[in-house]
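Notes to accompany the following structure.
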Amino acid sequence: MLLTLAYLTNHFINDIKIENNIVKLLPASDQQASVQQAIKTISNNIGRKIIFLIGNKDKDKALDSAKKFHSSLLNSNLFNHITYAIDNKNLKTIYQLYLPYKNMLLSKQHRNLLTKKKYELFSQQALHSLYNPTTLLSSSQLENDPFFNLIDFLQQQNALSNNFSLDNNQLITHYNNYYYVFISADIIDDIYSIDTQNKFTFFYEHTKKLVLELDKHTQVLSMGATHYAIEGSSSAKREISTIGMGSLIGIILLVLFVFRSLTPLLLSLISISSGIIVGLSCSLYFFGEVHLFTLIFGSSLIGVSIDYSFHYFSERLSGADNHSTIKNILPGISMGMISSVLAYLTLSTSNFPGLQQISVFSMSGLIAAYCCVVFFYPAISFKNNTLASAFIIAINKSIIKWWLTIGITKLKLFIIFSLISLTTFIYFNLETDDDIRNLRNQSTRVTGEETIVKNIIQANGENQFYLIQAESAEMALQKEEQLFESLDKLVSKNALEAYQATALFSPSRQRQLENFNLLKKAISSDNPSLQNYLKSIGYPEKKIKSYLTQFENTPTTTLNVSSWLSNEQSSNMKFHWLGKENTDNIYLSIVSLYGIHDLNALKSITLPEKVSFVDYVEDISNILKQYREQASYLIIFAYLLIFSILCLRYGWYKAIFVFTPPLLAALSAVAIALSMGIKINYFNSLAVILILGIGIDYSLFYAEQKKRAEFTMLAVLLSAITTILAFGLLSLSNTPVLHSFGVIVLCGISVAFILSPMSNLKANKT
Amino acid sequence: MKHYFFILIFCAVFSISSYAENMNVLNNSEPQSNLNNILQKLQKNTVLRSQFKQARYLKILSKPIISEGQLNYFSGKGIIWKIQTPIKSTIIISQNKITEINPDGQLTSRVNLGSIYTLLDALFNGNDKTLKQNFDISYNISTQQWILKLTPTSAPLNKIFKTIEIQGQQQITRITLIDANSDSTVISLHSTDTKPLAISATEEAYFAL
């Protein structure tokens, strides 16, 4: 106990990591390691990005506020890759990078024209650029790039830029009468760590306040996965504490009301806290982190682990001393503990990390609470106070009497009828929904702000992407270029708005040499268009000659991807290139997509070898579906396992009556949930396991009870109330997955409680 | 980067209005009333229609690059720069993008990296802060005409331009841009009119492209 406490304290000091990324609950998908790594890297990169918009109706105020925001951003040390002011130096470095390769870089349009030998048009376009007042012309630029092919290549890279323009070196846009200044940054640390979230929240709130001090009409907007992570953590914190506090307060009031003594209360709190502490420690020990879902699922442990205590106190009320109390309840609570642990154990056999965590947390917690009751409680002596309980006991007695009046045939008929009708109802009404997006807490505040930001910046990045695998960097770039051809067709058919990839910034060596040859062919062809253009604009003979000599020898060096990557200007696009950072010794890169209008068209294009379309969200949803199915088998298996153990102990006939309450409870809970419009997904199907784990306890306590059912009923009533309280509160949750989970457990436990007395009555008669 | 050129022209052209006060402070002995009249008139220009002649003098080329055409400015919308000789081309510059229409109807659009539009519009409405940040300003006013000389003080403008000179009478007549490397551009404006005030349907359609 002390050891676990020490371990836990140590962990708390080092910031417990509460994961609320649902994806982390999932097993690694069936894809190969390199693909998984690519997905992980990408979601990490994208997850870190955060965009801020500082808006004001007055442009100067917007700029001033942005300046203040930016300096606060710099001072916070939370961010890197900050995009704020774009100065001449930046533009110059990118130009310098490409300049040595100017004859090997062509835009898509220029390539097209040259491939089709439309030299006349090619020259005409150059002429147009020359007269266009928006072209920044200089002698040196014209000397380097008389056909504007380098300029055009650079222009093409900006094809994706949103509706921001450069103003005072800052990215600014005008939207709904507001001027918005754009600032983007990457959060350095893990956005799912509570520590990072706290630091970010402090920074954001503090900086907002600073900015609003300048002018209270300034708008500060932001978008990024961090906001979802924070929203998730805080709503989880809220919900865990609601459920946790709800059950705790319920337990305290109940214990005080029924047992009228402080000792049972203190003892209960000790067993609850030892359960939670041991559960947390074991999860941390085995997994290194506690997932949010584990905590929520686990906080229900309060309601379950208290059951052993209730049985102890209730049994004690019947007049037994400490020693004989434990002796009397030991078979019941032992069977209860074993069956619950078995139910959870079936969960851990799945290769689902989320399930394993939940099962480890619950099993270790339950065992700890059980041990606490069995070994620690008998050592504490206290006086019973029977005043309040007498009234409840009396009511219980009459309920038990009513149960005794029910004939065995009637009961059998009831069981058969309920089983058939519930199964039929579920069979015909079963609806499932595995879309992971529906599991997320759709905070209107966060999504609302995201929509506004997206409207302002007109970004429409998608979750889907193409993954390229190749033996060399050159091969990867070539495959990208092959893919571009199919994608360009999709863009022209409006199935897709745009795409972005490394080869657009650093074309393959093959492509660069091709471009070089295209230009060479054009300038030296019989068609005089290009040379005529040069002559017509007054390009001196000498310069024409020196331009031509550049094409005499095929260049030996081409722009390579590593020099592009090392240029600071690539930072925003770097995430496309994953390189060889994996164990499989292959090069990976991605082509990101923007504005998908026809997903099927994207899926159905012919892909170069080892290029795959990755639909991350759909993949996860498929995995969820797979695991929902697996979970249903596990649930059936768990029920069968428990049933066979019951058969071993009670014989099949009595076992049926012990087993029926949790079974009917589970079926009716699912039926009620379905009729409420709740769709079954992986997570809420787990609730059925919980109904078994808890519900079977109620039956077992009756089955194992020797003399007086009314005291058992008191214990079962108390534990049902606390459990119902906990999950009733959970059913009020904003997170859809928790809400449905709460509803199912709430219904199941209620039914299990109502039906559980039957497990003993029949046994008495046979 | 390409677009600073155009930004500058229009910063220069339309900021004069906002310099009325500033210049009075700079030089009290000048005939302010004349200048104020001119500037106030300019300030009213929500629509400006003018014939232009643009000459680019690039050291590397043996002759200047000359084009002529019509310029239409619409406050709140953008600029239509119509080249009539020696080539035919219409360039529409708006808040977000630059679109070029070739005579064969071919459209090429690109993002306006250095949007002149927000800047221009702010200047037109008398917001002179941006110019003060970026230029040293001197001027010369006679009864016949006025000349404004802007020297960029901040990067990247001072890397690109040495000076920008604006000449005018009732309206702006001439803009001279001298590059840091001694290339230069002269834009002469004539037959400047502020009527018809309204934007035509054709013009409106250009901005919808």
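The values are calculated or read from the model by the stated rules, or taken from the named source; none is laboratory data. Predicted model only: the values in this text are computed from it and were never measured. Note that we place each Cβ from the backbone using ideal geometry, even for glycine, and neighbour counts take in every protein chain shown. Only protein heavy atoms, including side chains, enter the accessible area calculation; ligands, DNA and RNA are left aside. Shrake-Rupley method; radii C 1.70, N 1.55, O 1.52, S 1.80 Å.
Only residues that are open to solvent by 20 Å² or more (accessible area, probe 1.4 Å) and at pLDDT 85 or above: list them for the range A:281-297, please. Matches in the range A:281-297: A:Cys282, A:Tyr285, A:Phe286. Check whether at least one residue in the range A:586-596 is modelled with pLDDT under 85, of a type in the set (A, V, I, L, M) and within 24 Å of A:Gln37 (Cβ to Cβ), and report yes or no. Yes: one or more hits.
Just to check your reading of the model, which residue among A:Gly677, A:Gly728, A:Gly695 is more than 17 Å from A:Leu317 (Cβ to Cβ) and without any contact (Cβ under 8 Å) to a residue 12 or more places away in the chain? Step through it out loud before you land on a result.
On the way: A:Gly728 fails: without any contact (Cβ under 8 Å) to a residue 12 or more places away in the chain; A:Gly695 fails: without any contact (Cβ under 8 Å) to a residue 12 or more places away in the chain.
Just one listed residue meets the conditions, A:Gly677.
If you filter the range A:125-137 down to residues that are within 9 Å of chain B (Cβ to nearest Cβ) and touching a residue at least 60 places away in the same chain (Cβ under 8 Å), you find that the one that is least open to solvent (accessible area, probe 1.4 Å) is A:Leu130.
Of all residues in the range A:465-502, count the ones that are farther than 21 Å from A:Thr558 by Cβ and outside any helix (DSSP H, G or I). First the steps, then the outcome.
So the first thing to find is which residues in the range A:465-502 are farther than 21 Å from A:Thr558 by Cβ, and the list is A:465-467, A:469, A:486-500.
From the residues that got through so far, the ones that are outside any helix (DSSP H, G or I) too are A:465-467, A:469, A:493-500.
The number of residues fulfilling the criteria is 12.
Yes or no, residue by residue, for (1) closer than 30 Å to A:Thr83 by Cβ; (2) acidic (Asp, Glu); (3) surrounded by 14 or more Cβ atoms within 10 Å (Cβ to Cβ):
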{"residue": "A:Asp526", "(1), (2), (3)": "no, yes, no"}
{"residue": "A:Asn532", "(1), (2), (3)": "no, no, no"}
{"residue": "A:Thr549", "(1), (2), (3)": "no, no, no"}
{"residue": "A:Leu593", "(1), (2), (3)": "yes, no, yes"}
{"residue": "A:Asp598", "(1), (2), (3)": "no, yes, no"}
{"residue": "A:Ile623", "(1), (2), (3)": "no, no, yes"}
{"residue": "A:Tyr627", "(1), (2), (3)": "no, no, yes"}
{"residue": "A:Gln630", "(1), (2), (3)": "no, no, yes"}
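Can you find, within the range B:68-86, the residue that is nearest to the other protein chains (Cβ to nearest Cβ) among those that are in contact with an Asp or Glu (Cβ under 8 Å, 6 or more places away or on another chain) and either among the small types (Gly, Ala, Ser) or open to solvent by less than 50 Å² (accessible area, probe 1.4 Å) (or both)? Only one residue fits best here, namely B:Ile83.
Scanning the range A:372-408 for residues that are farther than 21 Å from A:Ser756 by Cβ, touching a residue at least 12 places away in the same chain (Cβ under 8 Å) and not aliphatic (A, V, I, L, M) yields A:Cys372, A:Phe376, A:Tyr377, A:Pro378, A:Ser381, A:Phe382, A:Lys383, A:Asn384, A:Asn385, A:Thr386. Scanning the range B:168-191 for residues that are in contact (Cβ under 8 Å) with a residue 40 or more places away in the chain, in a strand (DSSP E or B) and under 14 Å from B:Arg56 (Cα atoms) yields B:Ile175, B:Leu177, B:Ser184, B:Thr185, B:Val186, B:Ile187, B:Ser188.
Only one of the listed residues (A:Tyr119, A:Tyr179, A:Tyr84) is out of contact with any Cys (no Cβ under 9 Å at 6 or more places or on another chain), open to solvent by less than 40 Å² (accessible area, probe 1.4 Å) and either at positive phi or at pLDDT 90 or above (or both). That residue is A:Tyr119.
Filter the range A:187-212 for residues that are in a loop (DSSP other than H, G, I, E, B) and touching a helix residue (DSSP H, G or I) at 6+ places or on another chain (Cβ under 7 Å); which is surrounded by the fewest Cβ atoms within 10 Å (Cβ to Cβ)? If we take residues in the range A:187-212 being in a loop (DSSP other than H, G, I, E, B) and touching a helix residue (DSSP H, G or I) at 6+ places or on another chain (Cβ under 7 Å), then A:Asp189 is surrounded by the fewest Cβ atoms within 10 Å (Cβ to Cβ). Answer with yes or no whether A:Asn384 is among the polar types (S, T, N, Q) and open to solvent by 30 Å² or more (accessible area, probe 1.4 Å). Criteria met by A:Asn384. On the stretch given as the range B:42-67, residues that are open to solvent by 60 Å² or more (accessible area, probe 1.4 Å), at the interface with chain A (Cβ under 10 Å from one of its Cβ atoms) and charged (D, E, K, R) total 2.
Does any residue of the range A:416-424 turn out to be closer than 20 Å to A:Arg628 by Cα and modelled with pLDDT of 75 or more? So far as the range A:416-424 goes, yes, one or more of its residues are closer than 20 Å to A:Arg628 by Cα and modelled with pLDDT of 75 or more. For the range A:52-59, the condition holds for no residue, the condition being that it is closer than 17 Å to A:Lys199 by Cα and either open to solvent by 40 Å² or more (accessible area, probe 1.4 Å) or in contact with a Leu (Cβ under 6 Å, 6 or more places away or on another chain) (or both). Total residues in the range A:520-543 satisfying the condition of being charged (D, E, K, R), more than 10 Å from chain B (Cβ to nearest Cβ) and closer than 25 Å to A:Tyr101 by Cβ: the figure is 3.
Among the residues of the range A:599-610, are any part of a helix (DSSP H, G or I) and hydroxyl-bearing (Ser, Thr, Tyr)? Looking for residues that are part of a helix (DSSP H, G or I) and hydroxyl-bearing (Ser, Thr, Tyr), one finds at least one in the range A:599-610, hence yes.
Conditions tested, residue by residue: (1) modelled with pLDDT of 85 or more; (2) in contact with a helix residue (DSSP H, G or I) (Cβ under 7 Å, 6 or more places away or on another chain); (3) not in a helix (DSSP H, G or I).
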{"site": "A:Ala522", "(1), (2), (3)": "yes, yes, no"}
{"site": "A:Lys545", "(1), (2), (3)": "yes, no, no"}
{"site": "A:Glu552", "(1), (2), (3)": "yes, no, yes"}
{"site": "A:Ser621", "(1), (2), (3)": "no, yes, no"}
{"site": "A:Gln630", "(1), (2), (3)": "no, no, no"}
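With a requirement of 1 or more residues that are within 9 Å of another protein chain (Cβ to nearest Cβ) and modelled with pLDDT of 65 or more, the helices (runs of 4 or more DSSP H) lying completely within the range B:90-167 that satisfy it span B:129-134, B:157-160. Residue check: B:Tyr4 meets all listed conditions (1) within 30 Å of A:Pro540 (Cα to Cα); (2) at pLDDT 85 or above; (3) surrounded by 19 or more Cβ atoms within 10 Å (Cβ to Cβ) but one, namely (2).
The set of residues in the range A:467-505 being surrounded by fewer than 20 Cβ atoms within 10 Å (Cβ to Cβ) and touching a Gly at 6+ places or on another chain (Cβ under 8 Å) consists of A:Glu497, A:Ala498.
In this structure, A:Asn572 does not satisfy being over 24 Å from A:Asn684 (Cβ atoms) and either among the β-branched types (Val, Ile, Thr) or more than 28 Å from the chain's Cα centre (by Cα) (or both).
Please state which one of A:Leu154, A:Leu160 is modelled with pLDDT of 80 or more and more than 8 Å from chain B (Cβ to nearest Cβ). Don't jump to the end; show me each part of the working.
Numbers: A:Leu160 fails: modelled with pLDDT of 80 or more.
When all the criteria are applied, what remains is A:Leu154.
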